[in-house]
Amino acid sequence: MNYEKKFDVIVIGGGHAGTEAALAAARMGANTLLLTHNIGTVGEMSCNPAIGGIGKGHLVKEIDAMGGAMGRAADQGGIQFKILNRSKGPAVRATRAQADRVLYKQAIRNVVENQPNLSFFQQAVDDLIVENACVQGVVTQGGIRFYAKAVVLTTGTFLGGKIHLGDRNYAGGRAGDPPSIALANRLRELPFRVGRLKTGTPPRIDGRTIDFSILEPQRGDEPAPYFSFSRQTRFHPQQVACHITHTNKKTHEIIANNLNRSPLFSGAIEGIGPRYCPSIEDKITRFAERDAHQIFIEPEGLETHEVYPNGISTSLPFDVQFALVRSIRGLENAHITRAGYAIEYDYFDPRDLKPTLETRALSALFFAGQINGTTGYEEAAAQGLLAGMNAACLSLEKAPWVPKRSESYLGVLVDDLITLGTKEPYRMFTSRAEYRLILREDNADYRLTPIARQYGLVSDSEWQAFEEKMEAIEQESQRLHNLWVRPNTSVATHLETVLDKPLERETRALDLLKRPELHYADLVLAEGKSLGVSDPLVAEQIEVRVKYAGYIDAQGKEVARNERHESLRLPQGINYANVSGLSNEILEKLTCVQPETLGQAARIPGVTPAAISLLLVYLKKRGHLRDAERNLA
Amino acid sequence: MVQSEIDTIVAETTPRGRGGVGVVRISGPKTCDIAKQILKKIPPARQGQYLSFLDNQGNCIDEGIALLFKAPHSFTGEDVLELQGHGSPIIMDCLVKTAVAAGARLAMPGEFSLRAFLNNKLDLLQAEAISDLINANSLQAARGALRSLQGVFSEMVNTLVADLINLRMYVEATIDFPEEEIDFLSDGKIEKKLNTILDTVKQIRVRAEQGALMSSGINVAIIGRPNAGKSSLLNALSGYDRAIVTDIPGTTRDVLRESIVMDGLLVQLVDTAGLRMDADIVEKEGIQRALKEIGIADHIILVVDGTKTSETHPDKLFPEWIESFPAGIGITVLYNKIDKLNISANRQEQPGYTVLSVSIKTGEGLDALKAHLKKAVGFSSEEGEIVARRRHLEALKIAEHHLLQGHQQLVEFKAGELLAEELRQAQLALDQITGKFTTDDLLGKIFSEFCIGK
């Protein structure tokens, strides 16, 4: 049967990508339907109970700056917060929270349920309705046909999912959930390049059977930081500690003796796993010289005893898991509540996507999350936001948004995916961002909230708070610029208790802040009068901008220099064989990636500066260079 | 450093190292500023003036004609300055270096023509020609770069880059994986590694500056079938028995080099092992080296034993090797042993190659060969070793600057992420010598070195 109403946007999947996609589309005013096989698992954290981390925290802040749910939910569900790299500079500091699975899921469910323009429906999707290479809607398992102007597919590990536990394997989308086989088969008929990836989880343990008294506790930061710029959450839940233990020689021996029973080594697993999140059997094989590996015992929640031993993800048979867990200090009597497993699933080569995350082959179809070869909640959610936003743009006939590498980690993520593709599950790292010093957690709102506002993604109250913050930064910076500190005054004497070198001449207070040892709080304290701002986020911005000024300028110039190539759009469907002088190798690469801009073309590995010159000549010859773009060499 | 929207570029536009007059061309928005620095004035447009050319310390490099063209009435459509001086490689190199110090960057192969084309200074019909030019010049530049990277210089640069990558691996791992018990920034190792790298850069720069002009010359590869007379030719041209010459095919198992000066033109002759597909292992090694030499040659002499074949077409003589020859390279086919054939020396021009009939044994036709070689390589406009070396030196200079900044960030401010940024910039500069090193490559190194991941 046909469902009576045609939607603007349908989102398939209720994970981190799906929820952000549906929420973003709905916030923009698109009539949105979220289709999931199980409404009860919306917002589920299928892997480790943590949000954020280096590079990932940056993505969470960006999602939040654009009105997304992840940061807020993590604030509400977080039971331990840390700023990683606190001792290093602001660009590489990142927030991470251990989250209570139940609280996090509740928070997400709450946002989704209360979002205007958003409805849900519970049923698995088996088929896409396609006409003239354009997606028109979907067909569910029960035969209901839902029509929409745009469809976002966020299938996670469910497409053709296959779970491995030792020498046994079976079809599954996640422990306890069925896979999407019909949809996977349908998608394999469509013109997408498909591959297999693998990921895994460790066994879960009943915390009551762990001897925490002999383990090293790791507490969160106090006061606990927040992800969300809007700070709607006033208080975090109760905060708890993680614990650290290690594998040992005996553990490694148990694993080594049973490697032949691991599907990773027997050849049963063909999908490629992430190198930075290897299974324990992988670790002991590749780094045989190490006799211990760290394990973080992470609480799964406040209302459960289950813990997540992060660091021993494995697909070894259960009896080996049992023995290896019990060989670990503190876990000698551990009771495993759920076995670890590996899961293989289909993903599609992201080089078949446009930078809007719309597929090239079928218009109005968008992909987000693990289907694009990424791993991680944050990477998925960020793509979901972008795909949902652009699906809404398509159905509401607005221009789409393409994030830039110089503007956001989201831009780095998407550009990496569509330019380089991926061979292993893609995870964000700060080293992937060449403009790392300007893409900081602390300025995600400055970078993205104005864009989000243009697209209707942030509410009036959020926008007002943002404007007030920016105004406060501006005013206080101006005040400090006009404030002169003279040597041998009480302010100077006060400051010199902090300063490495005494003041030699009259100096603007703002310039004094350039000295690494001096912080805003010292300055305000030395002034004696409480003239400064009380909002620590405002103070932080002022200080970071001053301290990083030279590097921010330099990176800004690098951005400007590259902008000429970045903004030069290549016409669609160039036949690169017609570009004279290109080598076969480069021709092949350009044809495979179909870059959208000259800048993207230049980033394809193996594409030389000479090839870019040849492309320019071709574009000029075909009259594709406007006068304003002629000086591009 | 203030960057304008469009870079100003500089290059020597006359064939390198020979001829009485050399021309350095500068094009782009900073042209007039650079003119002021080198000439102490901005010359009037389109009027040649005889002026002193000064380096950035104000020393006179040369005297010659300066010609300024204002945009858009110039070859490239931008402001263009042409400095016509004496054609010595040293003078030309100094002028280029001064322009770079004043804010220009070295032009990429074919870049002046590309700009002219993009600025509507060249006809659309010339688009194909521009593409060909860019390609040909890039190939030549690549050969020049390869040659510049031979020997000690190459070893030192490779060490430098390997050390830098290793250092970045530690720094980036510390930043991206703070919970992996690998905080290298806090121990002294990083600074030690950085100091080593800084020392290496300095050493390379000094040695490269000294040697920049020493090894410039023409590379001629002598190749042919075993026993065709290659080694005899090398001996004949260089004047003493350098290669072992016997009647056993495949005697020359290594690569032999000889430098000779022909009327002031430095020619490096490279005698290669005989090209045979069915060679034994030792000789195979020699053939590998021969192919390497061919890759960096300016000119190729194919020696043919006239008593064995009457064929003179390179494609037919060496069908299995011809693909290894650099595109567009000059080829001379030396039809040897005419003394045994009772014919006299002569010369035939063919499309893409020249055939000279000679007798290396009697010396008949060898003078004609020398004259031909001088002509064939003397007027090539290719980007050679000096330019390549200049590119490398500029890259090293930029890298050194960033390494020093990084050192300060580390030692004075303990700012690991700023050290990381300076190291990234240093690597970007060195990429010009070694090719792109991507973030993915770096992450690969990190994952293979450290056990990362909870």
Query raised in the report: Going through the range A:482-511 one residue at a time, which ones are in contact with a strand residue (DSSP E or B) (Cβ under 6 Å, 6 or more places away or on another chain) and assigned to a helix (DSSP H, G or I)?
Result: A:V491, A:A492, A:A509
Query raised in the report: surrounded by 15 or more Cβ atoms within 10 Å (Cβ to Cβ) and farther than 23 Å from B:N135 by Cα, is that true of A:E558?
Result: yes
Report summary line: Scanning the range A:161-194 for residues that are closer than 21 Å to A:E379 by Cα and surrounded by 22 or more Cβ atoms within 10 Å (Cβ to Cβ) gives A:G161, A:G173
Query - Hits in the range B:413-425 (condition: within 9 Å of chain A (Cβ to nearest Cβ) and either among the aliphatic types (A, V, I, L, M) or touching a strand residue (DSSP E or B) at 6+ places or on another chain (Cβ under 6 Å) (or both)) - result: B:A415, B:L418, B:A420
**Report entry** Considering residues of the range B:444-454 that are in contact (Cβ under 8 Å) with a residue 12 or more places away in the chain and closer than 13 Å to A:S431 by Cα only, the residue nearest to the other protein chains (Cβ to nearest Cβ)
**Finding:** B:I446
Query - Single residue of the range A:423-440 satisfying the filter (over 13 Å from the mean Cα position of the chain (by Cα) and under 14 Å from A:Y276 (Cα atoms)) that is nearest to the other protein chains (Cβ to nearest Cβ) - result: A:S431
Report summary line: If we ask which residues in the range A:578-609 are touching a residue at least 24 places away in the same chain (Cβ under 8 Å) and within 13 Å of chain B (Cβ to nearest Cβ), their number turns out to be 12
Report summary line: Of those in the range A:43-53 that are over 23 Å from A:A339 (Cβ atoms) and modelled with pLDDT of 95 or more, the residue farthest from the other protein chains (Cβ to nearest Cβ) is A:I51
Report task. Taking A:G57 as meeting all but one of (1) in contact with a Ser or Thr (Cβ under 7 Å, 6 or more places away or on another chain); (2) surrounded by fewer than 24 Cβ atoms within 10 Å (Cβ to Cβ), write down the number of the exception. Result -> (2)
Query raised in the report: In the list B:L428, B:L396, B:L410, which residue meets the criterion of being within 30 Å of B:E179 (Cα to Cα), modelled with pLDDT of 85 or more and more than 10 Å from chain A (Cβ to nearest Cβ)?
Result: B:L410
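Okay, residues lined up against (1) more than 14 Å from chain B (Cβ to nearest Cβ); (2) in contact with a Ser or Thr (Cβ under 6 Å, 6 or more places away or on another chain); (3) surrounded by fewer than 23 Cβ atoms within 10 Å (Cβ to Cβ):
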| position | (1), (2), (3) |
| --- | --- |
| A:H236 | yes, no, yes |
| A:H246 | no, no, yes |
| A:S266 | yes, no, yes |
| A:F296 | no, no, yes |
| A:I343 | yes, yes, no |
Query raised in the report: Do any residues in the range A:436-452 that are under 15 Å from A:M389 (Cβ atoms) have Cβ atoms under 7 Å from those of residues that are assigned to a helix (DSSP H, G or I), where the two are at least six apart or on different chains, and which pairs are they?
Result: A:L448/A:E62; A:L448/A:A65; A:T449/A:A65; A:T449/A:F466; A:A452/A:A65
Report summary line: Per the filter on the range A:195-218, residues surrounded by 13 or more Cβ atoms within 10 Å (Cβ to Cβ) and either assigned to a helix (DSSP H, G or I) or free of Cβ contacts under 8 Å to residues at least 12 places away in the same chain (or both) are A:G207, A:T209, A:F212
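Rundown of residues vs (1) part of a helix (DSSP H, G or I); (2) of a type outside the set (A, V, I, L, M, F, W, C), yes/no style:
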residue	(1), (2)
A:V402	no, no
A:R440	no, yes
A:Y446	yes, yes
A:T449	yes, yes
**Report entry** All strands (runs of 3 or more DSSP E) inside the range A:101-194 with 1 or more residues being over 18 Å from A:E358 (Cβ atoms) and among the aromatic types (F, W, Y)
**Finding:** A:118-122, A:145-153, A:168-171
Query raised in the report: Could you say whether any residue in the range A:43-60 is within 30 Å of A:K6 (Cβ to Cβ) and either of a type outside the set (D, E) or touching a strand residue (DSSP E or B) at 6+ places or on another chain (Cβ under 6 Å) (or both)?
Result: yes
Requested in this report: Would you tally the residues in the range A:471-487 being surrounded by fewer than 18 Cβ atoms within 10 Å (Cβ to Cβ) and acidic (D, E)?
Outcome: 2
Query raised in the report: Which ones in the range A:275-294 are assigned to a loop (DSSP other than H, G, I, E, B), of a type in the set (D, E) and within 11 Å of chain B (Cβ to nearest Cβ)?
Result: A:E289
Query raised in the report: So is A:N575 over 21 Å from A:R86 (Cα atoms), within 14 Å of chain B (Cβ to nearest Cβ) and not hydroxyl-bearing (S, T, Y) or not?
Result: no
Requested in this report: State the number of residues belonging to the range A:28-66 that are touching a Phe, Trp or Tyr at 6+ places or on another chain (Cβ under 7 Å), outside any loop (DSSP other than H, G, I, E, B) and closer than 20 Å to A:Y455 by Cα.
Outcome: 8
Query raised in the report: Residue check: is A:E468 at pLDDT 95 or above and either under 17 Å from the mean Cα position of the chain (by Cα) or loosely packed, with under 13 Cβ neighbours inside 10 Å (or both)?
Result: yes
Query raised in the report: Among all residue pairs at least 6 apart or on different chains, which show Cβ distances below 6 Å where the first residue, located in the range B:99-113, is basic (K, R) and the second is assigned to a loop (DSSP other than H, G, I, E, B)?
Result: B:R105/B:D7
Query raised in the report: Is at least one residue of the range B:149-171 modelled with pLDDT under 75, outside any helix (DSSP H, G or I) and not acidic (D, E)?
Result: yes
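Residues checked against (1) surrounded by 18 or more Cβ atoms within 10 Å (Cβ to Cβ); (2) of a type outside the set (D, E):
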| residue | (1), (2) |
| --- | --- |
| A:T489 | no, yes |
| A:A492 | yes, yes |
| A:L495 | yes, yes |
| A:L499 | no, yes |
| A:R505 | no, yes |
| A:K514 | no, yes |
| A:E517 | no, no |
| A:A521 | no, yes |
| A:G528 | no, yes |
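The values are calculated or read from the model by the stated rules, or taken from the named source; none is laboratory data. If you're wondering where the values come from, they're calculated on a predicted model, not measured in any experiment. Glycine also receives a Cβ, built like all others from the backbone with ideal geometry; neighbour counts cover every protein chain displayed.
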